[in-house]
Amino acid sequence: MEARDVIIAPLITEKSMTATVTSQYTFEVHPRATKTQIRHAVEQIFSVSVIKINTTNVAGKVKNFARRGVRTSGKQSDWKKAIVTLKPGQKIELGGVNPFEQ
């Protein structure tokens, strides 16, 4: 897998943005990516040094909906999340303004 295939997208939430103060960044990653592959991908794409990686598999939610009087249910896809800790003093520019880094 290439680096761009491993890292799918950064997660931009209030909780993940507060963690950027302590050099922790959250990404959605390929479900079969290992911690070593994630480490190499982040270091190659963003030119930073990674200290630690925590991963978790997130189960997709079951959603119920009605359409034309018929009630059905569906399931969102399962996905994998990686929390990457960088060396102190390093940071990744994700674009936009982060109000927590001031």
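A search for C-beta distances below 6 Å between a residue of the range 30-49 that is modelled with pLDDT of 95 or more and acidic (Asp, Glu) and any residue that is in a helix (DSSP H, G or I) and exposed (fewer than 14 other Cβ atoms within 10 Å of the Cβ), counting only pairs 6+ apart in sequence or on different chains, returns nothing.
Listed here are the residues, each with its yes/no results for (1) more than 26 Å from HIS30 (Cα to Cα); (2) assigned to a strand (DSSP E or B); (3) touching a strand residue (DSSP E or B) at 6+ places or on another chain (Cβ under 7 Å); (4) at pLDDT below 95.
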position: GLY60; (1), (2), (3), (4): no, no, yes, no
position: GLY74; (1), (2), (3), (4): no, yes, yes, yes
position: VAL84; (1), (2), (3), (4): no, yes, yes, no
position: GLN90; (1), (2), (3), (4): no, no, no, yes
position: ASN98; (1), (2), (3), (4): no, no, no, yes
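For the range 1-35, enumerate the residues that are outside any strand (DSSP E or B), exposed (fewer than 12 other Cβ atoms within 10 Å of the Cβ) and touching a strand residue (DSSP E or B) at 6+ places or on another chain (Cβ under 9 Å). Correct list: THR13, LYS15, THR22, ARG32.
The values are calculated or read from the model by the stated rules, or taken from the named source; none is laboratory data. It should be emphasised that the depicted structure is a prediction, and the values quoted were computed from it without experimental measurement. A quick note on method: Cβ atoms are made from the backbone with ideal geometry, for glycine too, and the neighbour counts reach across all protein chains shown.
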